[in-house]
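The values are calculated or read from the model by the stated rules, or taken from the named source; none is laboratory data. In this text the structure is predicted, and so the values were computed from the model without any measurement. Neighbour counts run over all protein chains shown; Cβ positions are idealised from the backbone, glycine included. Each accessible area value is taken on the protein alone, full model and side chains, heavy atoms only, with ligands, DNA and RNA left out. Shrake-Rupley method; radii C 1.70, N 1.55, O 1.52, S 1.80 Å.
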Amino acid sequence: RVKDSGRNSFGFYQPQMNANLLPRIKMEHDLHRALELGQLRLHYQPQLSLRTNRIVGVEALIRWHDPERGNVPPGEFIPLAEESGSIVPIGAWVLQEAVGQAARWLRQGMPVPVSVNVSALQFRQSDFVDTVAVAIAMAELPPELLELELTESILIQDANEVLERLRLLAQLGVRLSIDDFGTGYSSLAYLKRFPIHKLKIDQSFVRGLPGDAGDSAIVSAIVSIGRALRMDVIAEGVETEVQRDALVALGCSRFQGFLCAPGLPAAEFERMLRAMQRGHDQQQ
Ligand code: C2E
Ligand code: MG
Ligand code: MG
Ligand code: MG
């Protein structure tokens with residue numbers, strides 16, 4: 001990582017630098033162009049309640065299909081966009097697109113809360129709260145149908161400023177969740193101070209269920225924290241039925257993962273939503 005090498009290395013000649021830098025600059029350039037040409041897409045991954053067997057939410061996940069590179073995973077281009085700053089306009093686009101989609105589903109009689117990932121740099125922008133407020137106002141989306149997924153790296157920055165911003169967002173009526181919970185370096189203290197509605201158990205703690213005693217203990221601890229602080233808890237990355245059953249046994253009744261579906265194009269997710277709605281209507 002070029003940026004991580006920091007100031008101390010400035011002025012030293014690093015032979016591998018040019019070799020790494022050029023493709024990165026080109027990728028960053030292509031990504032920015034993809035945004036401008038409207039070539040970025042969102043996929044939607046359902047979140048399920050095991051208690052009701054219903055879709056209780058959906059996470060918007062960005063997708064970039066580059067003509068030369070094919071599908072580039074977000075894990076590759078999001079860090080790059082964070083370093084270059086282009087995550088700010090990209091993030092604004094994601095927000096607008098996801099909010100607009102949620103509003104269309106609502107108007108079609110399918111109110112489903114949409115979660116949007118927020119990067120640290122995006123959150124730090126002084127106009128971030130305005131961007132959110134404008135997006136939901138323009139789409140006429142009830143704010144409680146938007147959830148912002150924050151990472152612990154956001155929450156460990158200047159605590160007072162973060163708290164102020166989270167309060168403004170909560171006052172708007174949007175919901176706030178902590179993504180990849182348990183993998184960051186933050187203390188638990190912020191949980192009682194910050195207006196957080198939901199914890200997302202990172203998939204690394206789900207992987208080893210039910211056999212891994214450590215994973216079970218961590219999941220059960222997060223469920224207890226959520227219950228005590230009145231926060232929803234959802235598990236990410238659930239791939240198998242045994243993992244799902246283990247989660248239920250540990251008290252976690254919401255999940256997201258390939259067991260139900262991966263991120264789907266909007267039209268496909270919509271079909272799933274309709275089919276589930278019909279199924280439930282017939283049961284009643
Ligand atoms: P995340 O927010 O934690 O999203 C969950 C990731 O896990 C997604 O990967 C999803 O496709 C994947 N996943 C879901 N279920 C399963 C499963 O059962 N098994 C496995 N192995 N994986 C599963 P994806 O879409 O590649 O995104 C990776 C990360 O990129 C996201 O992690 C998030 O941090 C970031 N990202 C994605 N979209 C956006 C965006 O619009 N804005 C920002 N700032 N970051 C984004
Ligand atoms: Mg997420
Ligand atoms: Mg996550
Ligand atoms: Mg993640």
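Taking Cα atoms, how many degrees apart are the long axis of helix 213-228 and the longest axis of the chain, rounded to 10 and kept between 0 and 90?
For helix 213-228, the angle is close to 70 degrees.
Quick one: if the Förster radius is 35 Å, what FRET efficiency do Ser220 and Arg167 give, using the C-beta to C-beta distance and rounding to 0.05?
Numbers: r = 30 Å, r/R0 = 0.87.
My answer for the efficiency is 0.70.
If the cut-off is a Cα-Cα distance under 14 Å, which aspartates and glutamates reach Lys200, setting aside same-chain residues fewer than 8 apart in sequence?
Within the straight-line limit of under 14 Å, Lys200 reaches these aspartates and glutamates: Glu59, Glu147, Glu149, Glu152, Asp179, Asp180, Asp232, Glu236.
Take the alpha-carbon centre of the range 129-180, take the same for the range 189-238, and report the distance between them in whole Å.
Cα centres, the range 129-180 to the range 189-238: 20 Å.
Taking only the Cα atoms of the chain, how large is their convex hull per residue, in Å³? Numbers along the way, then the final one.
Working: hull volume 45.6 nm³, N = 284.
That works out to 161 Å³ per residue.
Of all the accessible heavy-atom surface of the chain, with the other protein chains kept in place and a 1.4 Å probe, what percent is carbon and sulfur? Could you put the intermediate results ahead of the total?
Values: 7750 of 14720 Å².
Answer for the chain: carbon and sulfur cover 53 percent of the accessible area.
Given the options Asp30, Asp202, Asp232, state which has the largest fluctuation in a GNM of the chain using a 10 Å cut-off (strictly under) for Cα springs.
Fluctuation is largest for Asp30.
Round to the nearest 0.05 the FRET efficiency obtained for Tyr185 and Thr52 when R0 = 30 Å and r is the Cβ-Cβ distance. Each step should come with its number before you reach the end.
Details: r = 35 Å, r/R0 = 1.18.
It comes to 0.25.
Roughly how many Å² of His43 are accessible to a 1.4 Å probe, to the nearest 10?
Probe radius 1.4 Å; accessible area of His43 about 50 Å².
Return an integer: the convex hull volume of the alpha-carbon atoms of the range 82-208, in Å³ per residue.
On the way: hull volume 14.8 nm³, N = 127.
In the range 82-208, the Cα convex hull volume per residue is 117 Å³.
So which trypsin sites (Lys or Arg not before Pro) in the range 219-269 end up in coil per DSSP with only 16 or fewer other C-beta atoms within 10 Å? Each step should come with its number before you reach the end.
Numbers: sites: Arg227, Arg230, Arg244, Arg254; in loops: Arg230.
Those that pass, being in a loop and sparsely packed, are Arg230.
Please find, in a Gaussian network model of the chain (springs between Cα atoms separated by less than 10 Å), the residue of Val242, Val94, Val114 whose mean-square fluctuation is greatest.
Residue with maximal mean-square fluctuation among Val242, Val94, Val114: Val242.
Express the relative contact order of the chain as a whole percentage, based on alpha carbon pairs under 8 Å and six or more residues apart in sequence.
17
Give me the one-decimal nm value for the distance between modelled label points at Glu36 and Asp127, 7 Å along each residue's Cα-to-Cβ direction.
1.9
How large is the accessible surface of Trp93 in square angstrom, using a 1.4 angstrom probe and rounding to the nearest 10?
Roughly 60 Å² of Trp93 is accessible to a 1.4 Å probe.
Using 5 Å bins from zero, what percent of all Cα-Cα pairs in the range 142-284 falls into each bin?
Percent of Cα pairs in each bin: 2, 9, 16, 18, 18, 16, 12, 7, 2, 1, 0.
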